1. In the list THR189, THR208, which residue meets the criterion of being within 22 Å of PHE135 (Cα to Cα), of a type in the set (Ser, Thr, Tyr), at pLDDT below 85 and surrounded by fewer than 24 Cβ atoms within 10 Å (Cβ to Cβ)?
2. So ILE463 ticks every box in (1) under 20 Å from ALA293 (Cα atoms); (2) at pLDDT 95 or above; (3) among the β-branched types (Val, Ile, Thr) but one. Which box is left unticked?
3. Can you find, within the stretch 254-288, the residue that is modelled with the lowest pLDDT among those that are in a loop (DSSP other than H, G, I, E, B) and more than 17 Å from GLY192 (Cα to Cα)?
4. Among the numbered criteria (1) surrounded by 23 or more Cβ atoms within 10 Å (Cβ to Cβ); (2) in contact with a strand residue (DSSP E or B) (Cβ under 8 Å, 6 or more places away or on another chain); (3) not basic (Lys, Arg), which one does GLY379 miss?
5. Would you mind stating whether VAL123 is free of Cβ contacts under 8 Å to residues at least 40 places away in the same chain and either closer than 30 Å to GLY36 by Cα or in contact with a strand residue (DSSP E or B) (Cβ under 9 Å, 6 or more places away or on another chain) (or both)?
6. Condition check: free of Cβ contacts under 8 Å to residues at least 40 places away in the same chain, more than 30 Å from ASN265 (Cβ to Cβ) and in contact with a Leu (Cβ under 8 Å, 6 or more places away or on another chain). Does LEU161 satisfy that?
7. Can you tell me which residue among VAL87, VAL113 is surrounded by 24 or more Cβ atoms within 10 Å (Cβ to Cβ), β-branched (Val, Ile, Thr) and closer than 19 Å to TYR151 by Cα?
8. Whether any residue in the stretch 42-55 is farther than 18 Å from PHE124 by Cα and at pLDDT below 85 is what I want to check.
Amino acid sequence: MWLLPLPDQIEVLLYAAFIVPIIGAAIGKEGARVGGCVASSVAFAASFYITFAQFSVGLTASISVAQPPDTSIIVLDRFSNFVSLVVLGISLLATIYAVSYVRERHTEFYTLVLLLAMGMLGVFYAGDVIAFFVFWEVMSVASYLLVAFNYREWEAVEASLKYLIMSSTGSAALLFGISLLYGLTGELTFTGLRSALTSGPIVSETWTIISVALVLAGLGVNVALAPFHFWLPDAHPAAPSPVSALLSGVVIKTGVYAMLRLLLNIFPTEAYGWQLGVLLLSLVTMSVGNLMAALQEDIKRLLAFSSIANIGYIAFGMSIGNELGAVGALLHLLNHAVAKALLFLAAGSFIHTFHTRNLDELAGAGKLMPLSGVTYTVGALSLAGMPGLNAFVSEYVIIAAAFQSPFWPFAIVMIVNVLIGAMYHMRVVQTLFLKSPSNGRTAVREAAFPMLLALIALTAAAIIIGILPAPFLGAAQEAIQFVRLRG
């Protein structure tokens, strides 16, 4: 922590968010495109290095950045650093990809992406509800503006307005729930809330139950748990493809992180009995997401509904009630981020070239753009549950955990959903490779090098995690062990 009472990785992103507009103003449009990308990429790479170094040595620290009674706490541990590495890695690759994808307002784009990542990392490192909510709003405002980035298109305006209304409602519910918890306990830090909410008569208070329900509903909007998922199928397709990769890959995972922290730590199921409710919601979420994805003709809407389904898998693992399920949920957070970012960016390469999201009009695109097609196929096979690729590992762990729990019959529902997911992902691959190109296309240029670089890196990650899952599974297990210890 160099100059500010913030983790070093957040400081780097904050400084870069100030530097990028200066670069844009100083060296013109083309300079803003390249310079903004370089500055943002360096910031993300430096932050990733700092976070990886902290994770590798098992750094744990709790720092008070304000004096009582208005104490604010910053906490670093393996859990917060694990999810931060996911965010920073995906953000770095989306930034590199965007230099050839985004056509205008580059300064605005890179500044918003930096603020978005800074908000997410702030949520991960917050040790009290005030810091948590402030950073949550930084993330939310940046994501609203990025969804509306193509504001000249009505689809983007409509989607961003729907996202703004629903996400603001969720944030209001979250804030009201936090306010009730403070009124009931007089505590703002997670440590104090955990002590107050896990013992004594307050556990059975009606207002305590209401506050817990409000907090979970507010987070449910962010992660797109059914029935709070309606904003996502509009917001993700309307945004530029690098933003779609960030929204699906990491932004909705911020709510997953918060649910893991709160449900496993502050609101234990033995005291609040949320387990069966969240489990049933997870089954509905994965089923709605997969069934709706199977009906889509728009490739980005299909991927958006697939994200809803995978959030259902993560929530299912979280609600099983054993450590293996929680580890599987956290590992799937990583695996889905990698595979879905890969799919959105590969789909973005097709959309950038063919100017359409319709699957019929993208027929044969994989044959005309073989590198983009192959990388898309790897992502699709991964989420289809293909052994040897990353998502298979975490899906298997979650299902195995379910069979070890009293809720083992529900594992069958997840297996059926994975098969439905395999069906529609293979349908897209078939369209891209086995159908003849539409409109008589015979020659199309492959995606630009920066776009391919991001795709190849994500493809390599999906394969490496699938072939050598042990280090990543071990890292997720170590991170989960910090959930109950953190404060």
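1. Matching residue, one of THR189, THR208: THR189.
2. That leaves (1) as the condition not met.
3. Looking at the filtered set, the residue picked out is GLY273.
4. All conditions pass for GLY379, except number (2).
5. No; evaluated as a whole, the condition is false for this residue.
6. Considered against the rule, which asks whether it is free of Cβ contacts under 8 Å to residues at least 40 places away in the same chain, more than 30 Å from ASN265 (Cβ to Cβ) and in contact with a Leu (Cβ under 8 Å, 6 or more places away or on another chain), LEU161 comes out as no.
7. Result of the check over VAL87, VAL113: VAL113.
8. no
The values are calculated or read from the model by the stated rules, or taken from the named source; none is laboratory data. In this text, all values refer to a predicted model and were calculated from it rather than measured experimentally. Note that each Cβ is placed from the backbone with ideal geometry, even for glycine, and that neighbours are counted across all protein chains shown.
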